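Here the structure is laid out as structure tokens; the discussion comes afterwards.
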Amino acid sequence: MAEVRTRYAPSPTGHLHIGGARTALFSYLWARRNNGSFVVRIEDTDVERNVADAEQKQLDGLKWLGIDWDESVDVGGPHAPYRSMERVDLYQQHLQKLIDAGHAYPCYCTAEELDEERQKQLAEGVAPKYSGRCRHLTEAEREAFRREGRTPSIRFRVPEGRILTIHDEVRGEVRFESDGIGDFIIQRPDGRPTYNFAVVVDDALMEITHVVRAEEHLSNTPRQVLLYEALGFDVPTFAHASLILNPDGKKMSKRDESVIQFIDQYRERGYLPESILNFLVLLGWAPEGDKAEEEIFSKEELINLFSLKRVSKAPAVFDTGKLNWLNNHYIKKSSTERITELAIPHLAKAGRISENPTGDERQWVTRLVGLYQEQLDWVAQIVDLTEVFFREEPVYSDEAKEVLSAEQVPEVMASLIQQLEAFTGELTPDEVKALLKSVQKETGHKGKKLFMPVRCAVTGETHGPDLRETISLLGKEKVLGRLRGFLEQRDRILG
Ligand code: GLU
């Protein structure tokens with residue numbers, strides 16, 4: 001059997017989008033599953049819409065996700081070039097073949113004429129399609145148009161009365177009638193190919209065996225199949241993955257603000273690439289058999305498990321809660337050093353720490369991140385979660401005020417202040433434990449009656465991470481300041 005070859009073919013009109021990333025991932029996994037090759041091709045013929053940094057951002061995004069490729073603009077390959085606008089000669093050669101065989105013809109209609117035709121059809125209630133008025137022009141008529149200064153586009157002559165049955169790995173047999181398709185443009189007047197033409201020439205010459213892409217391209221497929229046939233190429237296997245719906249169940253549009261849509265935005269917020277990869281694969285795919293209920297998959301497992309047959313044709317719903325759950329799972333599994341590395345820029349940007357903490361500061365930040373690691377759904381949350389460490393006075397919640405108004409509180413506070421004042425050395429969590437023990441002995445208060453007021457006075461909250469580590473990280477001076485502040489301002493604080 002021929003080597004499996006798949007491709008991801010982004011247009012460089014924007015950064016890597018979750019939909020594109022999912023397409024790339026499915027294509028990639030299918031190639032790797034079959035020990036095949038994965039190609040990244042840049043489809044840049046829509047020059048007006050191209051964005052300067054998009055190509056690089058697409059590649060960076062894939063790389064970050066852990067998706068690697070065998071052939072592309074950066075690494076080259078046997079079918080180079082991998083950028084459409086550098087392949088215009090190839091398209092023109094194939095275009096000439098179509099013209100010579102009578103499969104394509106020049107069309108001299110102007111945009112205004114075509115629009116007029118379209119409006120008329122709409123007014124008559126018929127589905128607009130090119131009427132074919134340049135289909136049968138004589139050489140003399142063409143010459144007359146040329147003398148008028150008109151430059152033609154080239155249209156494909158769609159055969160009449162054909163039923164096209166396309167096999168799709170996801171959807172099964174899909175039928176189209178050729179009569180529903182008007183003769184379509186394959187080359188623009190300026191010599192650039194249109195997408196439908198370039199994609200066929202490229203997929204065929206690059207020996208792509210499986211075209212995996214999003215459902216929105218299903219309607220292009222019959223045009224492409226007709227081109228494959230006319231050019232004498234083998235038709236590849238198609239697999240059209242379902243739409244992605246936003247959490248409200250509506251079709252996701254790029255302007256939709258209910259979901260973050262670009263891979264680099266997730267990266268900036270501190271999502272881990274393995275979480276995004278895991279999340280993306282579940283947008284329309286599930287494993288078979290006893291694995292069907294599982295949700296956590298590494299890239300390596302996916303390479304073993306993935307199959308196009310298990311890609312669903314039902315729309316996938318983007319579930320932000322699930323994404324956060326997955327990311328939290330992978331954050332918990334990561335080393336604290338890794339999460340700290342990702343947290344530092346966020347804390348530095350918020351003015352909390354220096355940009356390149358080293359020595360003691362670095363150690364302190366690592367412990368701080370470690371204290372909150374379990375709670376993080378994404379790393380940038382570290383800024384809000386750790387706010388209490390950086391402010392002058394805690395913000396006291398109502399629950400904390402309630403705890404702090406209990407009778408034993410002033411005595412407990414006074415005792416802890418005394419213990420701390422007398423303490424010298426490094427305030428490690430073990431030392432904090434010892435100090436609290438002494439307070440217990442001295443005041444006779446223990447358990448909740450002791451720890452809750454201390455937590456509330458120091459952090460302003462009834463809940464939070466490990467108290468000893470919190471006190472240790474805050475340090476003696478800050479803790480003393482807060483305890484004294486509380487005692488001095490007790491009436492104001494408790495209101
Ligand atoms: N350049 C197309 C896009 O970005 C790719 C379509 C295809 O995969 O055939 O949507």
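The values are calculated or read from the model by the stated rules, or taken from the named source; none is laboratory data. Quick caveat: nothing in here was measured; it's all calculated off a predicted structure. Quick reminder, even Gly has a Cβ in these numbers, built from the backbone with ideal geometry, and neighbours come from all protein chains shown. Accessible surface is based on the protein model in full, side chains and every heavy atom, while ligands, DNA and RNA are left aside. Shrake-Rupley method; radii C 1.70, N 1.55, O 1.52, S 1.80 Å.
Some points to look at:
- Restriction of the chymotrypsin sites (Phe, Trp or Tyr not before Pro) in the range 254-292 to DSSP coil positions whose beta-carbon has at most 16 other beta-carbons within 10 angstrom yields no sites.
- Whole-number percent relative contact order across the chain, with pairs defined as alpha carbons under 8 Å at least 6 apart: 12 percent
- Counting heavy atoms of the protein chains alone, D384 has an accessible area of about 120 Å² for a 1.4 Å probe.
- In summary, the aspartates and glutamates within cross-link reach of K299, defined as a Cα separation below 15 angstrom excluding same-chain residues under 8 places away, comprise D68, E274.
- FRET E, pair L90, V51, Förster distance 22 Å, beta-carbon r, rounded to 0.05: 0.35
- Overall, the chain carries a charge dipole of about 420 debye about its Cα centre when +1 sits on the Cβ of Lys and Arg and -1 on the Cβ of Asp and Glu, all other atoms neutral.
- Lone cysteines, the chain (no partner Cβ under 4.7 Å): C109, C456
- Backbone N under 14 Å from the K332 label point (7 Å along Cα→Cβ), restricted to the range 378-394: 378
- Net charge of Cβ neighbours under 14 Å - reference V39; Lys, Arg +1; Asp, Glu -1: -2
- Whole-angstrom gap from the range 451-473 to the range 318-359, using each part's C-alpha centre: 22 Å
- One chain, two ends: W325 and R490. Fully extended at 0.36 nm per residue, the span grows by 55.4 nm beyond their Cα-Cα distance.
- Amide H contacts under 5 Å for R155, placed H, 5+ residues apart: Y105, C107, I186
- Extension gain for the segment S258 to F423, taken as residue separation times 0.36 nm less the Cα-Cα distance, is 54.2 nm to one decimal.
- Given K97/K313; K57/K333; K322/K449; K333/K441, the pairs whose alpha carbons are separated by over 31 Å: K97/K313; K322/K449; K333/K441
- Farthest positive-ward along the chain dipole, Cα basis, beta-carbon charges - from L436, H79, L368: L436
- Selected from I181, L272, G102, residue furthest toward positive end of dipole (the chain; charges at beta carbon): L272
- Extension gain, E116 to D190, is 24.4 nm, computed as 0.36 nm per intervening residue step minus the present C-alpha separation.
- Relative contact order %, the range 249-403, counting alpha carbon pairs below 8 Å whose residues are six or more apart: 24 percent
- Sparse packing (at most 12 other Cβ atoms within 10 Å of the Cβ) combined with a DSSP loop state is found for the following GluC sites (Glu not before Pro) in the range 157-238: E160.
- Average accessible area per residue (Å²) across the chain - probe 1.4 Å, nucleic acids and ligands excluded: 48 Å²
- Charge dipole (Cα centre; +1 on Lys/Arg Cβ, -1 on Asp/Glu Cβ; no other charges) of the range 384-468 amounts to roughly 460 debye.
- DSSP-loop GluC sites (Glu not before Pro) across the range 337-416, with at most 14 other Cβ within 10 angstrom: E355, E392, E407
- The range 221-277 and the range 83-135 have Cα centres spaced 27 Å apart.
- Carbon + sulfur, % of accessible area of the chain - ligands and nucleic acids excluded, 1.4 Å: 48 percent
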